[in-house]
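Student: Take a look at this one; I'll ask things after.
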2 protein chains.
Amino acid sequence: MGEITTIAEGRYLGLYERDDWEFAERPNAEGVVGILALTARKEVILVEQFRRPMNASVIEIPAGLIGDEEEHRDESLPDTARRELLEETGYQAESMELLLSSPTSAGMTSEITHLFLATNLQKVAAGGGVGGEDIRVHHVPLKLLPAWLSEQKDRGLLIDSKIHASLWLAGQCDHGLQ
Amino acid sequence: MGEITTIAEGRYLGLYERDDWEFAERPNAEGVVGILALTARKEVILVEQFRRPMNASVIEIPAGLIGDEEEHRDESLPDTARRELLEETGYQAESMELLLSSPTSAGMTSEITHLFLATNLQKVAAGGGVGGEDIRVHHVPLKLLPAWLSEQKDRGLLIDSKIHASLWLAGQCDHGLQ
């Protein structure tokens, strides 16, 4: 009861089974951080990148894996969130607050996604990602967000629901009606 | 370029690769529907079930796979959402509105989760799930939701962020501050 067996393991993702239920897990990581970054001028900082599983570009909050790089193995969760935000967007966050630790997709994977709110931001680098990442950074005024996301959808991009989840959790809901 | 190779396939979940990127996919399904169900009295209908990948119970919006059962193969997306809501909670929804089709987890899987808003609800059956599902149904007044979710977390349950995402998308944000 409860024992995990390995069906197959790739380099980055594995297929496992517990009590007759198959699920995926990243063998080299301990979860994911996602960061809702809000500037003093009430802009949301979003990233756009081509996602090979989707075979499409996706608009998302900045995010990254926990514990997948040897040199960052002992980081705290907020520090991982700070580093990922900086790498992807060039923003340093003074305040990094945990909003929710949610299953990434409870029926498919054992992974947890930790959603953070980043505020008191300072632009200190170019952003764009590391190690082959090709990330475009967008600054979107919160009050224009529904219209802007709708435009992105119309030009063929996918929109990730962690944007909306973290906005609700952060109480940034004045413009929730689409 | 773009070709998919199979690393391994279980009965319900497979491990694939495209352009050197590994991802998971359910070979017998075409995505997921998730349903935010709101009663006339502004209650949110949530489900609680033990999720084997997480090895824990999780509070979620009702949800289900698309196209995984032969007899429902030709259903529309809203009809799949209606059926899953009925099976899990016993509620029939007159109105079923698509809020967003989001990647389930863009770096890990090719799957799309379609989030719906269900209103004009009528209780017509017991709910609780089908085929071995063991689902507990909760009716939570929207204005008490943050406090209620916090209580569930305190008793060891995990909270799924699709709850918050669909509330934002549905404009149900008056009580977003935790």
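The values are calculated or read from the model by the stated rules, or taken from the named source; none is laboratory data. Please read these numbers as outputs of a predicted model, since none were measured by experiment. Cβ sites come from the backbone with ideal geometry, for glycine too, and all protein chains shown count toward neighbours.
Student: I'd like to check which strands (runs of 3 or more DSSP E) are fully inside the range B:2-95 and have at least 1 residues that are in the same structural domain as residue B:111 (by TED's automatic domain parsing) and within 26 Å of residue A:101 (Cα to Cα).
Tutor: Working: elements: B:4-9, B:14-18, B:21-25, B:32-38, B:43-51, B:56-60, B:63-65.
Those strands (runs of 3 or more DSSP E) span B:32-38, B:43-51, B:56-60, B:63-65.
Student: If a residue has to be within 10 Å of chain A (Cβ to nearest Cβ), of a type outside the set (Gly, Ala, Ser) and in a loop (DSSP other than H, G, I, E, B) to count, how many in the range B:154-178 make the cut? Give the derivation first.
Tutor: Step one: filter the range B:154-178 for residues within 10 Å of chain A (Cβ to nearest Cβ), giving B:158-178.
Then keep just the ones that are of a type outside the set (Gly, Ala, Ser); that gives B:158-160, B:162-164, B:167-169, B:172-175, B:177-178.
Cutting the leftovers down to in a loop (DSSP other than H, G, I, E, B) gives us B:160, B:172-175, B:177-178.
Of the residues in the range B:154-178, 7 are within 10 Å of chain A (Cβ to nearest Cβ), of a type outside the set (Gly, Ala, Ser) and in a loop (DSSP other than H, G, I, E, B).
Student: Could you give me the residue pairs with C-beta distances under 9 Å whose first residue belongs to the range A:68-96 and is among the basic types (Lys, Arg), whose second residue is assigned to a helix (DSSP H, G or I) and surrounded by fewer than 19 Cβ atoms within 10 Å (Cβ to Cβ) wherever it lies, and which are 6+ apart or on separate chains?
Tutor: Taking only residues 6 or more apart or on different chains, the pairs are A:83/A:72.
Student: Does residue B:39 satisfy the criteria of being among the β-branched types (Val, Ile, Thr) and either surrounded by fewer than 19 Cβ atoms within 10 Å (Cβ to Cβ) or in contact with a Gly (Cβ under 6 Å, 6 or more places away or on another chain) (or both)? Give the derivation first.
Tutor: Numbers: among the β-branched types (Val, Ile, Thr): yes; either surrounded by fewer than 19 Cβ atoms within 10 Å (Cβ to Cβ) or in contact with a Gly (Cβ under 6 Å, 6 or more places away or on another chain) (or both): yes.
Yes.
Student: Which condition does residue B:22 not pass, out of (1) acidic (Asp, Glu); (2) facing another protein chain (nearest Cβ under 8 Å); (3) within 26 Å of residue B:76 (Cα to Cα), if it passes all the others?
Tutor: Result: residue B:22 passes all but (3).
Student: Let me ask something else about it. Considering only residues of the range A:112-128 that are of a type outside the set (A, V, I, L, M) and within 13 Å of the chain's Cα centre (by Cα), which is surrounded by the most Cβ atoms within 10 Å (Cβ to Cβ)?
Tutor: Narrowing the range A:112-128 to residues of a type outside the set (A, V, I, L, M): A:113-114, A:116, A:119-120, A:122-123, A:127-128.
Still in the running and within 13 Å of the chain's Cα centre (by Cα): A:113-114, A:116.
Details: A:113: 21, A:114: 20, A:116: 29.
My answer is A:116.
Student: Another one. Kindly indicate whether residue A:8 is of a type in the set (Gly, Ala, Ser) and away from chain B (no Cβ under 12 Å).
Tutor: Details: of a type in the set (Gly, Ala, Ser): yes; away from chain B (no Cβ under 12 Å): no.
When the stated conditions are applied, residue A:8 does not pass them.
Student: Does the range A:103-125 include one or more residues that are hydrophobic (A, V, I, L, M, F, W, C), within 14 Å of another protein chain (Cβ to nearest Cβ), part of a strand (DSSP E or B) and more than 30 Å from residue B:12 (Cα to Cα)? Steps first, please.
Tutor: Residues of the range A:103-125 that are hydrophobic (A, V, I, L, M, F, W, C), as a first pass: A:106, A:108, A:112, A:115-118, A:121, A:124-125.
Now restrict to residues that are within 14 Å of another protein chain (Cβ to nearest Cβ): A:106, A:108, A:112, A:115-117.
Narrowing further to those that are part of a strand (DSSP E or B): A:112, A:115-117.
Restricting the remaining residues to those that are more than 30 Å from residue B:12 (Cα to Cα) gives A:116-117.
The answer is yes; a qualifying residue exists.
Student: From the list B:63, B:24, which residue is more than 17 Å from residue B:131 (Cβ to Cβ) and either among the aliphatic types (A, V, I, L, M) or without any contact (Cβ under 8 Å) to a residue 24 or more places away in the chain (or both)?
Tutor: Values: B:63 fails: more than 17 Å from residue B:131 (Cβ to Cβ).
Testing whether each residue is more than 17 Å from residue B:131 (Cβ to Cβ) and either among the aliphatic types (A, V, I, L, M) or without any contact (Cβ under 8 Å) to a residue 24 or more places away in the chain (or both) leaves just B:24.
Student: Regarding the range B:136-153, can at least one residue be identified that is assigned to a loop (DSSP other than H, G, I, E, B) and surrounded by fewer than 18 Cβ atoms within 10 Å (Cβ to Cβ)?
Tutor: Of all residues in the range B:136-153, those assigned to a loop (DSSP other than H, G, I, E, B) come to none.
No.
Student: Mind listing whichever residues of the range B:87-96 are surrounded by fewer than 17 Cβ atoms within 10 Å (Cβ to Cβ) and either out of contact with any Ser or Thr (no Cβ under 9 Å at 6 or more places or on another chain) or more than 16 Å from residue B:124 (Cα to Cα) (or both)? Lay out the reasoning, then the answer.
Tutor: Here is the first cut: in the range B:87-96, the ones surrounded by fewer than 17 Cβ atoms within 10 Å (Cβ to Cβ) are B:92, B:94-95.
Within the range B:87-96, just B:92 meets the criteria.
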